[in-house]
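Written out below as structure tokens is the structure these notes cover.
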Amino acid sequence: MKKIILLICVITVLTSCKAKKSYSTANKRQTHTVKVNPNIKPTQEGVAIARYAKKFNGTRYKYGGTTKRGMDCSGLVYTTFKNNNVSVPRTTGSLSSYGDWVDLKEVNVGDLVFFATKKNSRKVNHVGIVTNVQTGNVEFIHASTSRGVMISSLAEKYWYFAFVQARRVL
């Protein structure tokens, strides 16, 4: 009887570990192609916005923060645009209805991209600034709660499925 129980425990442990391992590996490798118009050229204002935002790369996350000591996602947008003499709202919710809606295919450097990162919700709660647009990929800078200010890609599975809209302020 002890041998049967031991055998069942070993089988359970081995099958559960195997399932988790293959699941996480599969998720990390999956990427998606983002269709963009290759004829769109970045504007000088957009490049200046992206360049300034990149100066905060590596800054730690701080809720409500707007400085190099710490910032949140909308604080990054607010601070970056303010430095370039463009007035924008301070919160992600207000930003999500500010400016003009842009189709993802027409997105350009300096545009804002919005995401819904909470499970089972399509309500916007995260924002980033587009830093680079290439065929099949859109990169954006944002303030992640876990890693601070960083550059990510819409080709990553997580961001691809969390994407809600893009808006143009410039």
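Couple of notes before you dig in:
- Cut-off under 5 Å, modelled amide H: who pairs with Val34 long-range: Gly136, Asn137
- Charge tally for Gln165 (other residues, Cβ to Cβ under 15 Å; Lys, Arg +1; Asp, Glu -1): +1.
- Residues with amide H under 5 Å from that of Gln165, placed H, sequence gap 5 or more: Phe114
No value in this document is a laboratory result; all are computed from the given coordinates. Since this is a predicted model, take the numbers as computed values, not measurements. Ideal geometry is used to build each Cβ from the backbone, glycine not excepted, and the neighbour counts take in all protein chains shown.
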